[in-house]
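The values are calculated or read from the model by the stated rules, or taken from the named source; none is laboratory data. Keep in mind the model is a prediction, meaning the values are calculated, not measured. Cβ: placed from backbone, ideal geometry, glycine included. Neighbour counts: every protein chain shown. Calculation scope for accessible area: heavy atoms of the full protein, side chains included, ligands and nucleic acids excluded. Shrake-Rupley method; radii C 1.70, N 1.55, O 1.52, S 1.80 Å.
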Amino acid sequence: MKPYNVVINFESGTLDPGKRIIRKVSDVKNMFYDTQAAEELIQKGDPMVYEVIYADVPEEQGHLGHCTTIIYPGKIGNEYFLTKGHYHEKLSTAEIYFCLRGQGRLIMESTDGDCEVLEMFPGSASYIPPNWSHRTMNVGKELLVFYCIFPADAGHDYATIEEQGYPKLVVEIDGKVTVIDNPKRKNK
Ligand code: PAN
Ligand code: ZN
């Protein structure tokens, strides 16, 4: 293949040319603590939670996958709109999230059971080391837009996070972004 550019719009988060994937509440309902509130939101029109726009890159060793993610502002119960979250199938692969717009949090858990939450804000570049799962939340009132770069053959394991969730939840309490223990977290 030949070198080529894509163009990223920092305002809207579009990456062009790119392939767009959309995630509605019905796609991510199991990731939220308050599944009842998620069901109610699905009945009310099943709004979009986030989109990912991928540059066309072969999913092969040596290549770098890259994409933008756009998370809409919103909550389910008191929990902010979030991405599914995943480990890389190839656990030895790292990733960088570069925030272009909005206010977010990046929660990560390592295979050793450590948990960390980083702030995301325009200009923040978060390093996700090998062996750390990752999920993002939009904690602001506008779009959260970030750009991701990862080994193109990393792969995504969504099942582990869907089953066990994270040790912490990022919720709004008295109008403030608050990190609390996840009461539903099993076996930790
Ligand atoms: C990111 C994520 C993206 C959407 O590109 O895939 O932000 O999150 P989910 O994949 O968890 O739905 C990434 O981490 N790629 O490896
Ligand atoms: Zn990833």
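The strands (runs of 3 or more DSSP E) found entirely in the stretch 130-180 that carry 3 or more residues being away from ligand 1 (no atom under 14 Å from the Cβ) are 168-173. A count restricted to the stretch 112-142 and to residues that are within 22 Å of Thr14 (Cβ to Cβ) and surrounded by fewer than 20 Cβ atoms within 10 Å (Cβ to Cβ) stands at 8.
Counting only residues that are within 12 Å of ligand 1 (Cβ to nearest atom) and not in a strand (DSSP E or B), the stretch 92-118 holds 2 of them. Within the stretch 34-57, the set of residues being assigned to a helix (DSSP H, G or I) and open to solvent by 40 Å² or more (accessible area, probe 1.4 Å) comprises Thr35, Gln36, Glu39, Glu40, Leu41, Gln43. Taking every residue in the stretch 15-31 that is within 11 Å of Leu82 (Cα to Cα) and open to solvent by less than 50 Å² (accessible area, probe 1.4 Å) and pairing it with any residue that is more than 16 Å from ligand 2 (Cβ to nearest atom) and part of a strand (DSSP E or B), at least 6 positions away or on another chain, the pairs with Cβ-Cβ distances below 8 Å are Val25/Val49; Val25/Ile76; Val28/Val49.
Somewhere in the stretch 58-76, is a residue on the phi > 0 side of the Ramachandran plot, buried (at least 18 other Cβ atoms within 10 Å of the Cβ) and within 15 Å of the chain's Cα centre (by Cα)? No; the residues of the stretch 58-76 include none that is on the phi > 0 side of the Ramachandran plot, buried (at least 18 other Cβ atoms within 10 Å of the Cβ) and within 15 Å of the chain's Cα centre (by Cα).
Filter the stretch 77-90 for residues that are on the phi < 0 side of the Ramachandran plot and away from ligand 2 (no atom under 11 Å from the Cβ) and give the result. Correct list: Asn78, Glu79, Tyr80, Phe81, Leu82. Among the residues of the stretch 143-165, those identified as surrounded by 17 or more Cβ atoms within 10 Å (Cβ to Cβ) and in contact with a Ser or Thr (Cβ under 8 Å, 6 or more places away or on another chain) are Leu143, Leu144, Val145, Phe146, Tyr147, Cys148, Phe150, Pro151, Ala154, Ile161. For Lys84, the conditions (1) open to solvent by less than 20 Å² (accessible area, probe 1.4 Å); (2) under 13 Å from the mean Cα position of the chain (by Cα) all hold with the exception of (1). Set side by side, the residues Met31, Met1 differ, and just one is hydrophobic (A, V, I, L, M, F, W, C) and away from ligand 1 (no atom under 14 Å from the Cβ), which is Met1.
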